Amino acid sequence: ELLGQRLEPASTRVAQALDVPTGTPTFIVRRLRRVDGTPISVHESHVPESLAPGVIDRDLVAEQLCTVLARDFGLRMTKVLETLETTAASANDAKLLAVHEGTPILQLEQRISSPSSKPFEFTRIRFRGDMVRLEFTYDV
């Protein structure tokens, strides 16, 4: 479910993750994922406007953002840096995830880079800890 999409200046945290100056115009795409009608995660993705002009004009409900970025803008993911931590649900996340404010949730941050090692997407995903099991496999 698409919660919203807009263009806004990159915050300091987002700018650091994307290796761009603070204030760089960045598209933000927010989505809610459900399983059998139950909300399980909130996704917030940031992409520099200069790397994917007009990406928010694409159908990001029918297609995954990563598919659109690779196909339409040549931004193919080859390196992902992930950080997983526990955090407390904010009032907004609690409402979206159908939990109480302050409930422990999992937060996964992803810094996604192209073959040239240029970061092109920073995503923050907040999961209901009581409904999700994460499994990671890496080929090295």
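The values are calculated or read from the model by the stated rules, or taken from the named source; none is laboratory data. As the structure is a prediction and not an experimental result, all values here were calculated from the model. Cβ: placed from backbone, ideal geometry, glycine included. Neighbour counts: every protein chain shown. Areas reflect the complete protein model, heavy atoms only, side chains present, ligands, DNA and RNA absent. Shrake-Rupley method; radii C 1.70, N 1.55, O 1.52, S 1.80 Å.
Annotations for the structure displayed:
- Anisotropy class assigned to region 1-56 is prolate, per the alpha carbon gyration tensor with a/c at or over the 1.5 cut-off and a/b larger than b/c.
- The string of couplings for region 105-116 from the Karplus curve (6.51, -1.76, 1.60, θ = phi - 60°) is 10, 9, 10, 10, 9, 10, 10, 10, 10, 8, x, 7 Hz, one whole number per residue in order, with x for Gly and Pro.
- With K and R counted +1 and D and E -1, the other residues having a Cβ less than 14 Å from that of Phe73 yield a net charge of -1.
- Neighbour net charge for Leu97 - beta-carbon separation under 15 angstrom, K R +1, D E -1: +2
- Global geometry of the chain, whether rounded, prolate or oblate, following the gyration tensor of its Cα atoms and the 1.5 cut on a/c: prolate
- Near Pro48, once Lys and Arg are set to +1 and Asp and Glu to -1 for all other residues with Cβ below 11 Å from its Cβ, the sum equals -2.
- Cleavage-rule hits, GluC sites (Glu not before Pro), region 1-72, DSSP coil, Cβ neighbours within 10 Å at most 13: Glu1, Glu63
- With contacts taken as Cα pairs under 8 Å and at least 6 residues apart, the chain reaches a relative contact order of 22 percent.
- Largest GNM mean-square fluctuation among Phe120, Phe27, Phe73, using the chain with Cα springs under 10 Å: Phe73.
- Whole-percent carbon and sulfur share, accessible surface of the chain, 1.4 Å: 50 percent
- Highest-MSF residue in the chain out of Leu97, Leu81, Leu18 [GNM, Cα springs under 10 Å]: Leu81
- The chain: most fluctuating residue of Ala17, Ala91, Ala52 per GNM, C-alpha cutoff 10 Å: Ala91
- Helix-only [θ]222 nm of the chain, DSSP H runs n ≥ 4, -39500 (n - 2.57) each, per residue, nearest 500: -4500 deg cm²/dmol
- Overall form of region 82-140 per C-alpha gyration tensor (a/c, 1.5; a/b vs b/c): prolate
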